[in-house]
Amino acid sequence: MAPYEIVGEVKRFNQRYTAFSRVNWDPTCVAYRTPAKTADEIAAQRKTGYSLEDFALHSGAWAMARSLPGAGPGRQPERGEMEPCETQLDRRYEPEDWPAFTRRVKRAARFFGASAVGVARVDPRWVYACDQQERLVELPQGMNTAVVLAVAMDYRMLRSSPSAWAAAATGNGYSRMAFVKACMARHLHELGWNALASGNDTALSIPLAIDAGLGEAGRNGLLMTPQYGPRVRLCKVFTNAPLVPDSPIRFGVQEFCEVCKKCAETCPAGSIPRGEMTPSGPTVSNNPGVLKWYSNADKCLAFWRANGVSCANCIRSCPFNKPLGRIHDWARLFVKVRSRLANRALVRIDGWLGYGRQVAPENGVPR
Ligand code: SF4
Ligand code: SF4
């Protein structure tokens, strides 16, 4: 059973109403009315983590994503612009053992650079109704399976959020995601199957990732994975190969988020709710019908524009965002018990140990 509750009619969402799109055209969006600061303006303020060198690191990290359409939040791809959807081969590899083949496809995904991978049958409700240019979105016939790929972002870089160094970790995640999804699609093409590589376009990545067993939704509105918490970027490859789907997982996120509000406390924009889950959100960028925590992306993007780069405080401060290691594995076992008392204790210990606090970029960048 999926770790979310549908409590109303879920309509296919129009991508033009995402905050990333509305920031360009909708005067009711607070981010639209917030002037975007330039790197030069911010660098002149001489704040740590916002020097011209830091902004250049950020631009370098984004380079791959920005040169490939559809990889990041920018320009949308025309179909087939980056990778053709249809295989060019007239033969098709039909494995005898689909579960074993599915495992090998996942292994290939990890080889290409995915940190985690899952497979889901595509729930048509998660496919966008229209794209940012209001063109109707329909997946090609038979493309009802998604290989969902998570790319982990650099832990130490993100500790300096909301600086340009932390935003470089995000850009690096988008660039690697562009690489991974293109490789995955080509791999399937070479086996005679159709495959469509997708970043933020075509369908909502988070519910697909939940269906693919990669994690649960958190209070911060992000996918929470067992291994990296919310410190991942997501992409997917749609295919007509009937790979074996994974089952959704539950590992105590919802119960933990009920007692932990660290993301809401560290959000500089007040975007993340502190109360209970609700069936709808505060702006037209929220697609209603699922009981969850809805964040206010308008306010979030307004902060990004004033900050000059994106922010990741809700990732940095999350107790699930930890480097891999034995001690953290033990803590994750406690979370699985879903005890309110134990969860409260873990949130406190997390704070005492200093996890989630902002660190100066000089200490955050990996050597
Ligand atoms: S990215 Fe920053 S501003 Fe946006 S919701 Fe997260 S913490 Fe708030
Ligand atoms: S910071 Fe706490 S409340 Fe927010 S998503 Fe992470 S665990 Fe949940």
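Numbers at a glance
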read-out	value
Cross-link pairs beyond the 32 Å C-alpha cut-off, checked among 106/322; 181/322; 37/261; 106/292; 47/292	47/292
FRET efficiency, 1/(1 + (r/R0)^6) with R0 41 Å, evaluated for residue 11 and residue 258 via beta carbons	0.90
Hz values of 3J(HN,Hα) by residue in the range 182-190 - Karplus curve (6.51, -1.76, 1.60), Gly and Pro given as x	5, 5, 5, 5, 5, 4, 5, 4, 5
Net lengthening on full extension, residue 28/residue 2 (0.36 nm per residue, minus Cα-Cα)	6.0 nm
For 90, 131, order by how many other beta-carbon atoms lie within 10 Å, fewest first	90, 131
Gyration tensor verdict on the chain (Cα atoms; rounded if a/c is under 1.5, prolate if a/b is larger than b/c, oblate otherwise)	rounded
Modelled FRET efficiency - R0 22 Å, residue 110 with residue 337, Cβ distances, 0.05 increments	0.15
Computed lengthening from residue 136 to residue 348, 0.36 nm per intervening residue step minus Cα-Cα distance	71.5 nm
Calculated FRET efficiency for the pair residue 280/residue 324, C-beta based, R₀ 35 Å, to 0.05	0.45
Prolate/oblate/rounded label for the range 293-334 (Cα gyration tensor, a/c 1.5)	oblate
Lys/Arg +1, Asp/Glu -1 at C-beta; the chain dipole; positive extreme among 222, 319, 57	319
Residue 144-residue 63 pseudo-label distance in nm [points 7 Å out on the Cα-to-Cβ vector]	4.4
Gain upon complete extension [residue 44, residue 244; 0.36 nm per residue less C-alpha separation]	66.6 nm
Estimated 222 nm signal from helices in the chain, with DSSP H stretches of n ≥ 4 weighted -39500 (n - 2.57), rounded to 500	-10500 deg cm²/dmol
Cβ-placed point charges (K, R +1; D, E -1), dipole of the chain about Cα centre in debye, nearest 20	1160
Candidate aspartates and glutamates - alpha carbon under 19 Å from residue 236, same-chain residues fewer than 8 apart omitted	78, 81, 83, 86, 123, 131, 138, 190, 201, 211, 216, 246
Amide H contacts under 5 Å for residue 269, placed H, 5+ residues apart	none
Between the range 191-266 and the range 96-148, the Cα center-to-center distance that results, in Å	12
Length-normalised contact order for the range 5-364 - Cα pairs under 8 Å, 6+ apart - percent	24
Prolate/oblate/rounded call for the range 228-314, Cα gyration tensor, a/c under 1.5 rounded	prolate
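A short reminder: the numbers here are calculations on the coordinates, not readings from a lab. In this text the structure is predicted, and so the values were computed from the model without any measurement. Heads up, the Cβs are rebuilt from the backbone with ideal geometry, glycines too, and the neighbour counts pull from every protein chain shown.
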